[in-house]
1. How about segment 367-394: which of its residues are touching a Leu at 6+ places or on another chain (Cβ under 8 Å) and over 23 Å from GLN57 (Cα atoms)?
2. Every residue in segment 279-300 that is over 15 Å from the mean Cα position of the chain (by Cα) and not in a helix (DSSP H, G or I), please.
3. Name the residue, out of VAL30, VAL45, that is assigned to a helix (DSSP H, G or I), surrounded by fewer than 20 Cβ atoms within 10 Å (Cβ to Cβ), of a type in the set (Val, Ile, Thr) and touching a residue at least 60 places away in the same chain (Cβ under 8 Å).
4. Report every pair of residues separated by at least 6 positions or lying on different chains whose Cβ atoms are under 9 Å apart, first residue within segment 290-305 and closer than 18 Å to ALA241 by Cα and modelled with pLDDT of 95 or more, second among the small types (Gly, Ala, Ser) and open to solvent by less than 50 Å² (accessible area, probe 1.4 Å).
5. Out of LEU557, LEU591, LEU585, report the one residue that is on the phi < 0 side of the Ramachandran plot, in contact with a His (Cβ under 6 Å, 6 or more places away or on another chain) and not small (Gly, Ala, Ser).
6. Being within 21 Å of LEU163 (Cα to Cα) and open to solvent by less than 20 Å² (accessible area, probe 1.4 Å): is that true of ALA210 here?
7. Can you go through TYR595, TYR565, TYR545, TYR559 and tell me which one is under 30 Å from GLY614 (Cα atoms), among the aromatic types (Phe, Trp, Tyr) and open to solvent by 60 Å² or more (accessible area, probe 1.4 Å)?
8. I'd like the residue in segment 453-481 that is assigned to a loop (DSSP other than H, G, I, E, B) and modelled with pLDDT under 90 and, out of all such residues, is surrounded by the most Cβ atoms within 10 Å (Cβ to Cβ).
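The values are calculated or read from the model by the stated rules, or taken from the named source; none is laboratory data. From a predicted model like this one, the values you see are computed outputs, not experimental measurements. With ideal geometry, Cβ positions are generated from the backbone for all residues, glycine too; neighbour counts draw on all protein chains shown. All accessible areas refer to the heavy atoms of the entire protein, side chains included, with ligands and DNA or RNA removed. Shrake-Rupley method; radii C 1.70, N 1.55, O 1.52, S 1.80 Å.
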Amino acid sequence: MLYKNLDNELAIITAFACCFASFLHVAYFVAAPFIWSCNLNYDEVNILPWILDVRQQDGLELFVLYSVTLLDIFIPVIMLHFIKLFELKKRYSVIILLISIAVLYSLAHFKMPYSTFGKSSLLERLATGFPIACFALIASFLMSLLLKKSVLAGFIVVAIILLPICLIATDGFEWLDCGYIFDPALRILQGFKIKDTYFQYDLLFSLIAAAWIKMGFGYNSFQSIGQLSYYLAILMLFHLALQLFRKKTLVAFFVASLVLVRIYASPWGITSCPQTTPIRLDLWIFLVMAIFYCGPFHWLIGFICGALIMTSTNFGIIYTVGYLQLLVVLCIVDCASKTPAITLPQVFKRFAVKSASSIFIICLFSLVTVLFFKSQKIWDYGSYYQKIGIGFQQISRHSFYWYVFPVFSLVAIIIYKLRKKLTNQCYTVGLSLACAVGNSLYFFGRSEENNILNISLSLIFVFFILLDLFDRWTCDKMCSGNKSISVICATIFVGILSFSYAINIHNRISLQMTSVINGDCLLYKDVPMPNNGKTIFLLKKYTSYSKKVFFATKFDLNYYALNGYVPISSYSPFFTWIFQDQVILFLQSLLDSGYYVVFDNSTKCLIPKLARHGCVMTVNNEILLLLPS
């Protein structure tokens, strides 16, 4: 019955998008051996052992997958424009063939990323998943009813409900990961130049951490910043969805999906690794909101892009490229729709004038960043992570991300078909799509399925944009039987999420309720930073309480944060170093200038490679102290 109600044109483009995604999937893995073999040639002996442990040969995968995703967006639009596939809409044999191929593609190896569905008995899955699904669906429908009566009241209620969901912490910090934020922050507070400091997770995070420390707040409590970022990110997307989506029911399901996936789906706490919080991965929301309210040519767009380039360089560049892609597409559309009385140079000139202010501001911020915030040495050093493949991982043939490709294609095709009726929405949808593709670089680099959950805010937003476009398409085509297709899809989606992550959702909610019942601190978990007092006491004694001590250890944050030592290396924490010859030269220069150097079991292999040093002392059976030469 549902198939009979679907209009043939929508069925064709849906099937075509799935088929093209399937083709890209096959083509990629045909070329994968060559793609993965293109890493930088290097002397493996000169790579530090802890770097080799997290290195995988994935070659040019990052750039190839990004290019493939762009092809997935643009090629179907171009093909359907020129070959007029829509004229085949009455040929049911073609439709059935395409849909059959699409169904086979969609059902093969389908599994949500890090799903817990297959990790328990069927009875346990039903017992856990069914109540969660029922609650999520009922809550979504009730919220949609409230939003239909009063958007303001619905917004306030959602804002209140999100407070305990987002702000009650379930796990403490992973302190090793925090070192990549706090070590550079401590260098900022010690007066070292920003341009001479390597920021593994970009400048913004460390600037916030430096301000937090300067105000006298504890390191543990910094976790509350991460928790708050989830609250603000989901609330901002909720507000944007209210303005963008036609159906309030769709908005309610959208918020429910964000909560289920981003807050509860992961087996780990949402702020355990600060690098995965919206402070780093979801700054695109500011850019999309600015586009929605101000349009694509406003100077504010350039300011946001420039500020992101300066403070969150990696993602700032990615989002700016996405914005420039949007401008190029708009320029092409202007050229294609010009009247005979207007020449191409006139179109280009008019377009250049409109976009000049934002482009100028982006260039100005980029120049300031190069001159004052990034030295050439730091730029080059960061590039080695991709060239060598540090922390990178090859994408799986059965990765869930391959199912994202048809969604991108469909959004591009439908927005192209409806472009004349959705002018302002086109800008927002276009940039959202570009930012989702850009955000996917985080997954393309380290293609661990959990990273799909980490970038899920952008992916879910694009998926619900697609459902909203389905609504607009069916209204435009006056297909009365199709008006509920978006709500049906959203209901199925929330149900799948509930069953796929039932165990994790149950565990996370239980931990939050336990924290409330026990009267624990809710905004962060009070997990002390590792700090052996006896070791510190002996270390200070053996070094005569000198401050000229450098820590070549796996975990060095506690020495700098709690014991007053200074992180003098541009590459902090110590495990940021990549090349053995460089770190040996650095350590030797410290020893020659009167520094003590501390090693642990993971770094003591470097001691025999130092040419000049004093005696080696063992401190509390934990660390090795190397005296100056």
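1. Filtering segment 367-394 down to residues touching a Leu at 6+ places or on another chain (Cβ under 8 Å) leaves 373, 384, 386-388, 392.
Residue satisfying the conditions is PHE373 alone.
2. GLY295, PRO296, PHE297, HIS298
3. On the way: VAL30 fails: touching a residue at least 60 places away in the same chain (Cβ under 8 Å).
Of VAL30, VAL45, the one residue that is assigned to a helix (DSSP H, G or I), surrounded by fewer than 20 Cβ atoms within 10 Å (Cβ to Cβ), of a type in the set (Val, Ile, Thr) and touching a residue at least 60 places away in the same chain (Cβ under 8 Å) is VAL45.
4. Nothing qualifies.
5. Numbers: LEU557 fails: in contact with a His (Cβ under 6 Å, 6 or more places away or on another chain); LEU585 fails: in contact with a His (Cβ under 6 Å, 6 or more places away or on another chain).
Unique residue meeting the criteria: LEU591.
6. Details: within 21 Å of LEU163 (Cα to Cα): no; open to solvent by less than 20 Å² (accessible area, probe 1.4 Å): yes.
So ALA210 fails the test.
7. Numbers: TYR595 fails: open to solvent by 60 Å² or more (accessible area, probe 1.4 Å); TYR565 fails: open to solvent by 60 Å² or more (accessible area, probe 1.4 Å); TYR559 fails: open to solvent by 60 Å² or more (accessible area, probe 1.4 Å).
Testing whether each residue is under 30 Å from GLY614 (Cα atoms), among the aromatic types (Phe, Trp, Tyr) and open to solvent by 60 Å² or more (accessible area, probe 1.4 Å) leaves just TYR545.
8. The initial filter retains those residues of segment 453-481 that are assigned to a loop (DSSP other than H, G, I, E, B), namely 455, 478-479.
The next check asks that each one be modelled with pLDDT under 90; those that pass are 478-479.
Values: MET478: 8, CYS479: 16.
Ranking the qualifying residues of segment 453-481, first place goes to CYS479.
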